[in-house]
């Protein structure tokens, strides 16, 4: 599974363009240590391959920072003209994404003095820090603008209403989506910003979300991160290196009605606001009952270690289930959902203060990858929405659904080429 | 200057509290590597001493992430009662800050099942990752609520209007301020959140700002970070390890009219929005003229290496100054401002999209420390505001001014004790 691991071979690749004006100088090279002789904060050569079978950023262990954005196309021509504009955009975007994941500037001229640089420059000289750029298309792309309705996968059905949700249209939807993950937030932001810039005239950014905190797709190899409720989040997630489970639950296979999606995956994004102040006033015992886990160790209430398998049948001395009937881990468990699993990639977010309440605007930006949202996210969220004890403290306020095609196999290809070709 | 350097001695200190319910287990210990055998993302024992002469987070090299918040007191008693409430708050806050910078939970009971945990828990088991928590008081603290008017330092004069600014009151001011810096954004956010929680009933958070990107107070020892305009930012900053300059420009000395501020410093915060899309359309030559530096190397236009001293007298073959008269480095230079210097700590921010324009809401959260804002930030910003070529692309939209007292010398002391004592 070489595409699942960051390459350690390459040295830091600089912008690739000659340096204008002044000499390049030693100041451009290398990544800073902390000046105290300790380990560097980020390995300078941390790259994740862009080309391959599946897009990076799905099975890949999640770097510490997320910049997510959706974009709307602004085309107004005939379906043929609009498809041509979209094709050109995706050719440009794919080349730029490939370059950025290599730590290079976006292709084009960034050194001519009498022109705007092709790259905005804030990540110049920085390590890509495990940058992955993952691309998807939303249901709205299959309306009448592009003549692509016949190529819409059945699995890309609009998400039904999933109470209790209170979605903000300005934080939901989008024709296209980009998930940029990196250990360096500047590098992640640089990616969504430069794609917006390269698409000017064809797309506008619809919404964006920054996230932080080390999510992990491999609980057994990394310490599981904590969400803003203070609980470990992702203990029972699918391990991205488990090829059999990835094929079973995440990668689109021969079952698809649309060949262009084979090897791809469906991304569901949910902005989940937490009622942090109310949560913080809750008793420790109640918090642990809500999740069904111990707060500090992360162990299920029926176990003593984080990765112990929960015993959903266990009863206490009074005959009550040790893991309550409304506990989040019970309702989310594959054992209690006909075997359903999804691959989660969660990032905490905070966007300041809600002016109406004075409370923190913070929560979880939840991303899930799966073979078919109709059979995975939707029924799972229906079950959680109806019974989850956590609902007292959370609300889904933004949403997105995107079909992520397979990766491009090489520099002569572009994203979703089989959809548009 | 031992207080300027992070201690490498300690091992990761866990929460300090016994673990409730389940066994602690191995999952609680240690910091994750990246699973590929490379260097860990963050040194697990990275701590900056909390006690000392000067508060940490000023001379300290800036960690990669910022969480800044201001708080308003909600007291409504007599000045004596209000002072007592403030004193109690600051005792609680100081103890909590000392614990958090050690990687411990905030003091109090986090393990009793039938009570809310004292600590919110999201940073439990994490390295403090060079966490510093810096405290300041705003001009509004010296109104009639606390009877402290006679203790207001003259240097804490309200900032005058500094055009071109367009300040949002909901992102400006505050009775108290906390600057939390860490290489781990969860740890930084945890600090401002838990102080808000501990102060419930006495303070409410007024505004907050997250920032990212490795600012540096020591250009010679670390690579200078780039701002979102793609230019190196901070090349000529004061070196925090230069004790003579720190005494000359940053630390309040015997000149103060208020003994409680001796050894402290004044913090000016400005949220500086960038017109990123307009900037990105500007020619490389124009961008370089605006800053007076080459974009990629960071060298002044009269030099070839980043740290070359700018030659403000140099003329080109047509007799024009090589560094234009409105160039940012010319106007900000101590050589052209009667020797004025400030200590800067800049963090990039982005808060999504401005809904009115569809443009990115992004820029620089600028923090400056100095001996006397009336003689440093204010005249410097007046000069920049009047002539800086950068003004076409930026606008100051938030502002704060805070007097940061000296550090507490030990666990029996609290922040600003000499002000309240």
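Nothing in this text is a laboratory measurement; each read-out follows from the coordinates by a stated rule. Bear in mind that the values here come from a model prediction, so they are computed numbers and not experimental data. Here the Cβ positions follow ideal geometry from the backbone for every residue, glycine too, while neighbour counts run over all protein chains shown.
Note the angle between two axes, namely the Cα long axis of helix A:79-101 and the longest principal axis of the Cα atoms of chain A, as a number of degrees from 0 to 90, rounded to the nearest 10. The angle comes out at about 80 degrees. Relative to the longest principal axis of the Cα atoms of chain B, the long axis of helix B:377-387 lies at roughly 40 degrees. For a test of the definition: using alpha carbon positions, the gyration tensor, and the 1.5 limit on a/c, classify chain B as rounded, prolate or oblate. It comes out prolate by the Cα gyration axes. By the count of neighbouring beta-carbon atoms within 10 Å, fewest first, B:161, B:47, A:315 end up ordered B:161, A:315, B:47.
The separation of region A:331-357 from region B:50-128, counted between C-alpha centres, amounts to 28 Å. Highest mean first, the peptides A:195-201, B:186-192, B:162-168, B:51-57 sorted by other C-beta atoms within 10 Å per residue fall in the order B:186-192, B:51-57, A:195-201, B:162-168. At an R0 of 22 angstrom, the distance between the Cβ atoms of residue B:115 and residue B:80 translates into a FRET efficiency of 0.10. Give the distance, in whole Å, between the Cα centre of region B:182-196 and the Cα centre of region B:288-308. So the two Cα centres are separated by 36 Å. If R0 equals 35 Å, the separation of the Cβ atoms of residue B:382 and residue B:311 corresponds to a calculated FRET efficiency of about 0.90.
Legend: mean number of C-beta atoms from other chains within 10 angstrom of residue C-beta atoms, peptide B:114-121, equals 6.
For chain B, modelled as a GNM whose springs connect Cα atoms under 10 angstrom apart, the maximal fluctuation among B:140, B:78, B:383 occurs at B:78.
Taking each residue of B:188-196 in turn, how many C-beta atoms of other protein chains fall within 10 Å of its C-beta, and what is the average?
Values: counts 1, 8, 3, 0, 2, 7, 1, 0, 7.
Average neighbour count from other chains, rounded to a whole number: 3.
Taking the C-alpha atoms only, the angle from helix A:185-198 to the longest principal axis of chain A is near 50 degrees.
Counting neighbouring Cβ atoms within 10 Å and putting the fewest first, the residues B:246, B:261 line up as B:246, B:261. With neighbour counts taken as other beta-carbon atoms within 10 Å, the residues A:132, A:350 rank, fewest first, as A:350, A:132. Quick one: compute the contact order of chain A, relative version, from alpha carbon pairs under 8 angstrom and 6+ residues apart, as a percent. That works out to 23 percent.
Relative protection proxy for B:60-68, A:299-307, A:398-406, from highest mean packing down: B:60-68, A:398-406, A:299-307 (other beta-carbon atoms within 10 angstrom).
Label region B:267-421 by shape, choosing from rounded, prolate and oblate, from the square roots a ≥ b ≥ c of the eigenvalues of the Cα gyration tensor; if a/c is under 1.5 it is rounded, and otherwise prolate applies when a/b is larger than b/c, oblate when it is not. Oblate shape, in that a/c is at least 1.5 and b/c is the bigger or equal ratio. GNM on chain B, alpha-carbon springs under 10 angstrom: the most fluctuating residue among B:263, B:298, B:410 is B:410.
Classify the protein assembly as shown: rounded, prolate or oblate, from the alpha-carbon gyration tensor (a ≥ b ≥ c, eigenvalue square roots; a/c under 1.5 rounded; otherwise prolate if a/b is larger than b/c)? Verdict is oblate for the protein assembly as shown.
Averaged over the residues of peptide A:228-236, the number of Cβ atoms from other protein chains lying within 10 Å of each residue's Cβ is 3. GNM on chain A, C-alpha springs below 10 Å: top fluctuator among A:278, A:115, A:327? Comparing A:278, A:115, A:327 in a Gaussian network model of chain A, the most mobile one is A:115. With helices as the sole contributors, chain A gives -5500 deg cm²/dmol at 222 nm; each DSSP H run of n ≥ 4 counts as -39500 (n - 2.57), and the sum is divided by every residue.
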